[in-house]
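Structure record follows, encoded as structure tokens.
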Amino acid sequence: MTEDDTRHCYVPYEVFIQKSKLDYHVHVGSVLAPSPELALQLARENFLRRDTAVNIWVVRQSDIHQTPSEDHAFFAREFTRSYREVTGYSDNARRWKAFKERRAQRDQG
């Protein structure tokens, strides 16, 4: 493919829109465009006809890197971090009540 051919080649761009300054950018779809500038214009026309936004990002689809969906080992934890989980807190009320009862019995006897 020559340089002249690549100028007329449409590539997919992923579109992310930020509705307000306090919001995150959210993926809303994709557009086909020959350049990032035209991709911004197409994104505005396609995704902001009735909505308002403060920012638009367009990212060439080939520049996005992702893990394969079948690669479960990538997300496996190397170390146990159970101390960061809040599962033990649900039992705290029962333990606190038992502790206070034992202390009250000790103070009485």
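Read-outs throughout are calculated quantities, based only on the coordinates presented, and are distinct from any laboratory measurement. Nothing here was measured: the structure is a model prediction, and the numbers come from that model. So basically every Cβ, Gly included, is an ideal-geometry build from the backbone, and we count neighbours across all protein chains shown.
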Legend entry - segment 3-108: relative contact order in percent, alpha carbon pairs under 8 Å with at least 6 residues between: 24
Inset, instruction - Determine ³J(HN,Hα), in whole Hz, for all residues of segment 45-58 in sequence, where each value follows from phi through the Karplus function 6.51 cos²θ - 1.76 cosθ + 1.60 and θ = phi - 60°; x replaces Gly and Pro. - result: 5, 7, 10, 10, 5, 10, 9, 10, 7, 10, 7, 10, 10, 10
Legend entry - Structure-derived Cα extents along the principal axes in Å - corresponding label in (i) 78, 44, 23; (ii) 41, 36, 29; (iii) 94, 37, 16: (iii)
Inset, instruction - Work out which GluC sites (Glu not before Pro) in the chain are exposed loop sites (DSSP not H, G, I, E or B, at most 14 other Cβ within 10 Å) and give the longest gap free of them. - result: 1-69
Legend entry - Exposed-site-free run, longest, the chain (rule: chymotrypsin sites (Phe, Trp or Tyr not before Pro); DSSP loop; at most 15 other C-beta within 10 Å): 25-78
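Just add up the charged neighbours of Asn55: K/R +1, D/E -1, any other residue whose Cβ is under 12 Å from the Cβ of Asn55. List each step's numbers first, then the result.
Numbers: positive: Lys19, Lys21, Arg44; negative: Asp23.
Its environment carries a net charge of +2.
Which of the three applies to segment 18-78, rounded, prolate or oblate, going by the alpha-carbon gyration tensor with a ≥ b ≥ c and a/c under 1.5 meaning rounded?
Working: a/c = 3.23, a/b = 1.73, b/c = 1.87.
Judged from the Cα gyration tensor, segment 18-78 comes out oblate (a/c at least 1.5, b/c at or above a/b).
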